[in-house]
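The values are calculated or read from the model by the stated rules, or taken from the named source; none is laboratory data. Keep in mind that this is a model prediction, so the values were computed, not measured. Neighbour counts run over all protein chains shown; Cβ positions are idealised from the backbone, glycine included. Heavy atoms of the whole protein, side chains included, go into the accessibility calculation; ligands, DNA and RNA do not. Shrake-Rupley method; radii C 1.70, N 1.55, O 1.52, S 1.80 Å.
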Amino acid sequence: QVQLVESGGGLVQAGGSLRLSCAGSGSTFSLYAMSWYRQAPEKQRELVASISTGGTTNYDDSVKGRFTISRDNAKNKVYLQMNSLKPDDTAVYYCNARSPVNAISWGQGTQVTVSS
């Protein structure tokens, strides 16, 4: 299974931007479908954005037009560019990888806090 490490979280004012990065291990990163999830306090973890091995992207309605997911297979990385951030975006953001045989890997998470 691929090992995942997120970075790029932090504290930002409403309307600001952050870019999250997720670094994956191994030589088969390009074969994994990648996603970003988030979990706010006392809420369930929810899917934010996903990108397939072929580059097809999908977004939760709450972030469409504000967030962009992308991947760089040469660097074994997936990114989440977050613009026009809102206090409701405050959560721990997790990187997720799904292998061709549906094995799932999670990163440790990175905190994003948006102040009003």
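Using a 1.4 angstrom probe on heavy atoms only, work out the carbon and sulfur share of the accessible area of the stretch 20-101 in %.
Carbon-and-sulfur percentage of accessible area, whole number: 45.
Would you please state the base-10 log of I(q)/I(0) at q = 0.15, 0.18, 0.19, 0.22 1/Å for the chain, with intensities from the Debye formula using one equal scatterer on every alpha carbon?
Rounded to two decimals, the profile gives -0.59, -0.84, -0.93, -1.22.
Can you sort Arg38, Arg45, Arg19 by solvent-accessible area, 1.4 Å probe, largest first?
Arg19, Arg45, Arg38
Would you list which lysines come within 16 Å of Lys64, measuring only between C-alpha atoms, while excluding same-chain residues fewer than 8 positions from it?
By straight Cα distance, Lys64 reaches Lys86.
Only four residue types carry charge here, +1 at the Cβ of Lys and Arg and -1 at the Cβ of Asp and Glu. Report the dipole size of the chain about the Cα centre in Debye, rounded to the nearest 20. List each step's numbers first, then the result.
On the way: 11 positive and 8 negative charges, 44 e Å.
That gives the chain a dipole magnitude of about 220 debye.
What is the sum of charges around Met34, taking Lys and Arg as +1, Asp and Glu as -1, for the other residues whose C-beta is under 9 Å from the C-beta of Met34?
Charge balance near Met34 sits at +2.
How big is the accessible area of Ser62 in square angstrom, nearest 10, if you roll a 1.4 angstrom probe over the protein chains?
Rounded to the nearest 10, the figure is 50 Å².
Tell me the per residue accessible area of the chain using a 1.4 Å probe; a whole number in Å² is fine.
On a per-residue basis, the chain sits at 53 Å².
Give the accessible area for Ser84 in Å² (nearest 10); use a 1.4 Å probe, count only protein heavy atoms, and leave out ligands, DNA and RNA.
Roughly 60 Å² of Ser84 is accessible to a 1.4 Å probe.
Applying the Karplus parametrisation 6.51 cos²θ - 1.76 cosθ + 1.60 with θ = phi - 60° to the phi angles of the stretch 58-73, what ³J(HN,Hα) value in whole Hz is obtained for each residue in order, glycine and proline being reported as x?
9, 9, 5, 4, 5, 10, 4, x, 10, 10, 9, 9, 8, 9, 10, 5
Hey, what do the phi angles of the stretch 89-97 turn into as Karplus ³J(HN,Hα) couplings, whole Hz, using 6.51/-1.76/1.60 and θ = phi - 60°, x for Gly and Pro?
Karplus values, whole Hz, x for Gly and Pro: 7, 4, 4, 8, 9, 10, 8, 9, 10.
Which Cα, out of Ser62, Ser52, Ser25, lies furthest along the positive dipole direction of the stretch 22-116 (beta carbon charges, K/R +1, D/E -1)?
Of the candidates, Ser25 comes out farthest on the positive side.
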